[in-house]
Amino acid sequence: MKSYNVLIVDDSPITQRKLSDILTDAGHKIAGIVSNGLEGSELYLKFKDTIDLITMDITMPVMSGDKALERIMKEDPDAKVIMVTAVGKKDVMEKCLKLGAKNFITKPFDSEKVLKVIETVGVQ
Ligand SMILES: [Mg+2]
């Protein structure tokens, strides 16, 4: 399996930790962990050459994940962004797919679910 450099954007320390553990246990690397969409989009756009993919929470302070996604896709249409969201947010999920999100991880998630979704993204 390929090793990806992943940026985690989520305002929940528990989710940050859980995602980070799952990814590193599977051999991936963590490019960074930030707590809102503004920091996430800025960090990504600055270091996009070294970041393979982003996991992006939706509900966050300062800037939501869908706004950050929009900002990222405008600057880098090749960005690989996976949204992380609670089930039942169908409208936002559809909006994010239209904006260019590659896939979704629904909460609650486990290792199998996360790694399966990451496999579908097809990072080069
Ligand atoms: Mg959140």
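Condition (residue is of a type in the set (D, E) and either within 16 Å of the ligand (Cβ to nearest atom) or crowded, with 20+ Cβ neighbours inside 10 Å (or both)) applied to segment 12-31: is it met by at least one residue? Checking segment 12-31: not a single residue is of a type in the set (D, E) and either within 16 Å of the ligand (Cβ to nearest atom) or crowded, with 20+ Cβ neighbours inside 10 Å (or both).
Just to be sure before I move on: is K89 crowded, with 19+ Cβ neighbours inside 10 Å, basic (K, R) and free of Cβ contacts under 8 Å to residues at least 60 places away in the same chain in the structure I sent? Spelling it out, it is not the case that K89 is crowded, with 19+ Cβ neighbours inside 10 Å, basic (K, R) and free of Cβ contacts under 8 Å to residues at least 60 places away in the same chain.
Just checking: which of the strands (runs of 3 or more DSSP E) contained wholly in segment 1-112 hold 3 or more residues that are modelled with pLDDT of 95 or more? Break it down into steps so the answer makes sense when it comes.
Details: elements: 5-9, 29-34, 53-57, 81-86, 103-107.
So the answer is 5-9, 29-34, 53-57, 81-86.
Under the condition of being touching a Gly at 6+ places or on another chain (Cβ under 9 Å), β-branched (V, I, T) and under 17 Å from L97 (Cα atoms), the residues counted in segment 23-76 number 4. Flag: I105 does not match the condition of being surrounded by 13 or more Cβ atoms within 10 Å (Cβ to Cβ), in contact (Cβ under 8 Å) with a residue 60 or more places away in the chain and on the phi < 0 side of the Ramachandran plot. Within segment 51-67, the presence of a residue that is away from the ligand (no atom under 16 Å from the Cβ) and at positive phi is excluded.
Is there a residue in segment 42-50 that is within 16 Å of the ligand (Cβ to nearest atom) and surrounded by fewer than 17 Cβ atoms within 10 Å (Cβ to Cβ)? Walk me through how you get there before you give the answer.
So in segment 42-50, the residues within 16 Å of the ligand (Cβ to nearest atom) come out as none.
No, segment 42-50 has no match at all.
Is it the case, given these coordinates, that D57 is touching a Lys or Arg at 6+ places or on another chain (Cβ under 8 Å) and under 20 Å from S12 (Cβ atoms)? In short, no.
The values are calculated or read from the model by the stated rules, or taken from the named source; none is laboratory data. Quantities reported herein were computed from a predicted structural model and do not represent experimental measurements. Cβ sites come from the backbone with ideal geometry, for glycine too, and all protein chains shown count toward neighbours.
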